[in-house]
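The values are calculated or read from the model by the stated rules, or taken from the named source; none is laboratory data. Remember, it's a predicted structure, so these values are computed and weren't measured experimentally. For neighbour counting, all protein chains shown are included, and Cβ atoms are generated from backbone atoms with ideal geometry for every residue, glycine included. Accessible surface areas use protein heavy atoms only, side chains included; no ligands, DNA or RNA. Shrake-Rupley method; radii C 1.70, N 1.55, O 1.52, S 1.80 Å.
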Amino acid sequence: MVNRLATCDDINVLAVIEPNTDNHTDIRAAGVEAVLDFADVLDRPDVDAVILTTPNPVHEEQVKHCAAAGKHVFCEKPLGLTGASARRSVEACNAAGVTLGIGHERRFEPALEALKAELDNGALGTIMHAEAAFSHDKLIHVPAGDWRTSKAVSPAGGMTAMGIHLTDLLISFFGPVKTVQAMTADRSLGWETGDLVTVQLGFHAGMTATLSAVLHTPHFIRMHVFGTEKWVEVRNDTHPDTPGGKVRYVEAVTGQDHVETIFEWTDAVVENLNAFRMACTGEKPYRFSQDEMIHNIEVLEAIATSSENRETVHLNRP
């Protein structure tokens, strides 16, 4: 985050909170102050906002601390591990009058913005189904016993690392989820949480979607939406964190040649953080509704339950 924001003129990173002093030399080399204690930063009048890049179970507690200190807070995904936890975080920020941001940068990718615009204007016709994937092997060297390997802390295989970006996108496209069916497996890593997850979603609006996240395979990111008039596929050559890759946007209409548009890589992480900044200053509403933030965690919780019990989970939403 520090390195990415070094290119951003509108956000000034003042300090990094790091209890491990072995890392302080690298932090200072990046041009920012290294701080040991979370409370020391929350007491500082020159700090307007805090970015949380911490393990999943502490997000709610830390969001509440930031809100109580009057600091805007940007929380890396997932916002929580249960819908109730996510709701408490949202309520704490609302009570304190601070802005809550969330680390789902994929909404800011130009190709996915183009797809969202086509969905909103009805260009695809009646939406039938979507297929989504977010897979890579960036985490295969995580040491045994790390929190990322724990079912309690990182449930349902790659959901909290990758799949939750896909459910966020699908909710932004289609609205609330009605039913969830999920399976996990461990094929290679020996992780308690598993190294792959597949999910089937049914939406209140009627369409369906499937998604997968595989933690041990070459990079593959894809979003494919099927409508009665057109289908659109978006496929990323590289991870959103890896500059330089192209994004392929393919459109298909019956009886016509496929049309491919190439989008260049953009820094969606910084775009999201800038959108959060503008929401904090009141310049522009944030792209994520609070209801979407909470519902995405409700879906995550349902996926964890379904994969554990091998059952369909029904989400009671209007």
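The table below lists the values:
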| read-out | value |
| --- | --- |
| Rounded to 10°, Cα long-axis angle of helix 268-281 versus longest principal axis of the chain | 60 degrees |
| Listed residues Asn236, Asn272, Asn94, most fluctuating in the chain (Gaussian network, C-alpha, under 10 Å) | Asn94 |
| Computed FRET value (nearest 0.05) for Asn94 with Met1, which takes r as the C-beta separation and R₀ as 25 Å | 0.50 |
| Shape parameters for region 92-164, alpha-carbon atoms, Rg then Dmax in Å | 17.5, 48 |
| Modelled FRET efficiency - R0 25 Å, Asn20 with Thr217, Cβ distances, 0.05 increments | 0.20 |
| Debye, to nearest 20: dipole size of the chain, +1 on Lys, Arg Cβ, -1 on Asp, Glu Cβ | 640 debye |
| Label of the coordinate-derived value, Cα extents along the principal axes in Å, listed as (i) 62, 42, 39; (ii) 60, 41, 32; (iii) 72, 51, 39 | (i) |
| Rounded, prolate or oblate (a/c below 1.5 giving rounded, otherwise prolate when a/b exceeds b/c) for region 1-110 by Cα gyration tensor | prolate |
| Beta bridge orientation in the chain: antiparallel %, DSSP, nearest 5 | 75 percent |
| Distance cut-off 23 Å, percentage of C-alpha pairs in region 144-254 lying past it | 37 percent |
| Peptide ranges 246-254, 2-10 listed from the most packed, as the mean C-beta count within 10 angstrom indicates | 246-254, 2-10 |
| Choice from Thr242, Thr160, Thr210 showing the highest fluctuation, given a GNM over the chain with Cα pairs closer than 10 Å | Thr242 |
| Extended-chain gain in nm, criterion 0.36 nm per residue less alpha-carbon gap, Cys8 and Thr261 | 88.3 nm |
| Accessible surface of region 75-167 [probe 1.4 Å, protein heavy atoms]: carbon and sulfur percent | 54 percent |
| Full-stretch length increase - Glu192, Asp291 - with 0.36 nm per residue and alpha-carbon distance subtracted | 32.6 nm |
| Choice from Ala275, Ala205, Ala86 with maximal GNM fluctuation in the chain (Cα, 10 Å cutoff) | Ala205 |
| The chain, accessible area per residue, ligands and nucleic acids excluded (1.4 Å, Å²) | 46 Å² |
| Hull volume in cubic angstrom per residue (convex hull over the Cα atoms of region 87-215) | 141 Å³ |
| Stretchable slack from Thr54 to Asn309, in nm (0.36 nm times residue separation minus alpha-carbon distance) | 89.0 nm |
| For region 268-318: span of alpha carbons on each principal axis (Å, largest first) | 45, 26, 12 |
